[in-house]
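Take a look at the structure set out below.
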Amino acid sequence: MRDDERPETAEALETAETAEALETAETPETAETPETPETAETLETAETAEFVRFQSPVRHERGHFPGVFVLVNGLAREGRLTPEQESFRRANNAWYDAAYPTPSKVDPTVYDPEITPGAVAWFKSTATHLIERVPGYLEILDAHGVECRMLRSSDPGRVVYEDEFQVVVVPYGG
C-alpha cells in the first residue's frame, strides 16, 4: 500500500492528505462488488481475481478514488470516530504498519505522479491475513454512512511495484 493509503499511526495522521494521488481506471477485467459481509467472506473463492482493493465508489474532488484506510483515517482526522472506533483504528493501523512493506520505502519513485501517475495499491488475494482485518474498517465506514466497495481484478493495471502481499499499479487508461 502507498504511504498515504497505509493505515496511519496518530503521529502520521497528517500525511493522509497526500491521498490525492489515488486513482483507478475501470477495466473489463475489474469486477466491482458492493461491500457486504457476504462479499468479504467470498474473497478466497474468487477464482480469477488475483488482486483485491477496497475504495470509495465516489471520486475525490481531484478525481481520485480514496482507499479504505484513507477513508477511515479521514474520519479520524475530522474527529468523527467513537472511542471504540479510534481504538480499533490505532491498534490495527499499527498492526498493518508492522505486517507488510511500505512500497515507497523500497522504491521512492513508486508513487511519483510524473513517473507513475495515478498509482494505487491492491492486496494480493493470497494475503488473506491482511484482508481479514479490512471488515473492521468497513464497519466503521458503514456506521458513518461512507461507502466503500471491494474491487477484484486479475489485471488491475501496469505493475510498478510488487512484493509478496501487494502490487502497486498504474491503472490502464490512467
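The values are calculated or read from the model by the stated rules, or taken from the named source; none is laboratory data. All values derive from a computational prediction rather than experimental measurement. Please note: Cβ atoms are built from the backbone with ideal geometry, for glycine as well, and neighbour counts cover all protein chains shown. For accessibility, only protein heavy atoms count, side chains too; no ligands or nucleic acids. Shrake-Rupley method; radii C 1.70, N 1.55, O 1.52, S 1.80 Å.
Going by amide H atoms built from the backbone, whose H comes under 5 Å of the H on residue 54, apart from near neighbours?
Answer set, sorted by chain and number: 68, 151.
Say R0 is 22 Å: what FRET efficiency, to the nearest 0.05, do residue 158 and residue 48 get from their beta-carbon distance?
The calculated FRET efficiency here is 0.70.
Quick one: dipole size for segment 72-119, taken about the Cα centre, charges +1 on Lys/Arg Cβ and -1 on Asp/Glu Cβ, in debye to the nearest 20.
Working: 5 positive and 7 negative charges, 41 e Å.
Magnitude of the dipole: close to 200 debye.
Applying the Karplus parametrisation 6.51 cos²θ - 1.76 cosθ + 1.60 with θ = phi - 60° to the phi angles of segment 146-151, what ³J(HN,Hα) value in whole Hz is obtained for each residue in order, glycine and proline being reported as x?
Running phi through 6.51 cos²θ - 1.76 cosθ + 1.60 with θ = phi - 60° gives 9, 6, 8, 10, 9, 10 Hz.
Averaging over every viewing direction, what projected area does the convex hull of the Cα atoms of segment 43-174 cover, in nm²? Show your work: numbers first, answer last.
Details: hull surface 33.2 nm².
It is 8.3 nm².
Can you give me the % of accessible surface on segment 53-120 that is carbon or sulfur? Probe 1.4 Å, all protein chains present, nothing else counted. Numbers along the way, then the final one.
On the way: 1780 of 3300 Å².
Reported share for carbon and sulfur atoms: 54 percent.
Pop a pseudo-label 7 angstrom from the Cα along the beta-carbon direction at both residue 143 and residue 102 and give the gap in nm to one decimal.
Here the modelled spin labels are 2.7 nm apart.
At 1.4 Å probe radius, can you tell me the per residue accessible area of segment 85-174 in Å²? Intermediate values should be presented prior to the final figure.
On the way: 4010 Å² over 90 residues.
That works out to 45 Å² per residue.
Multiplying the sequence separation of residue 133 and residue 82 by 0.36 nm and subtracting their Cα-Cα distance, what value in nm do you get?
On the way: separation 51, 0.36 × 51 = 18.36 nm, distance 1.85 nm.
Between residue 133 and residue 82, full extension yields 16.5 nm more.
Students often check this: by mean Cβ neighbours within 10 Å, which of 96-103, 146-153 ranks highest, and how do the rest follow?
Numbers: 96-103: 15.4, 146-153: 20.8.
Going by the mean number of other Cβ atoms within 10 Å, highest first, we get 146-153, 96-103.
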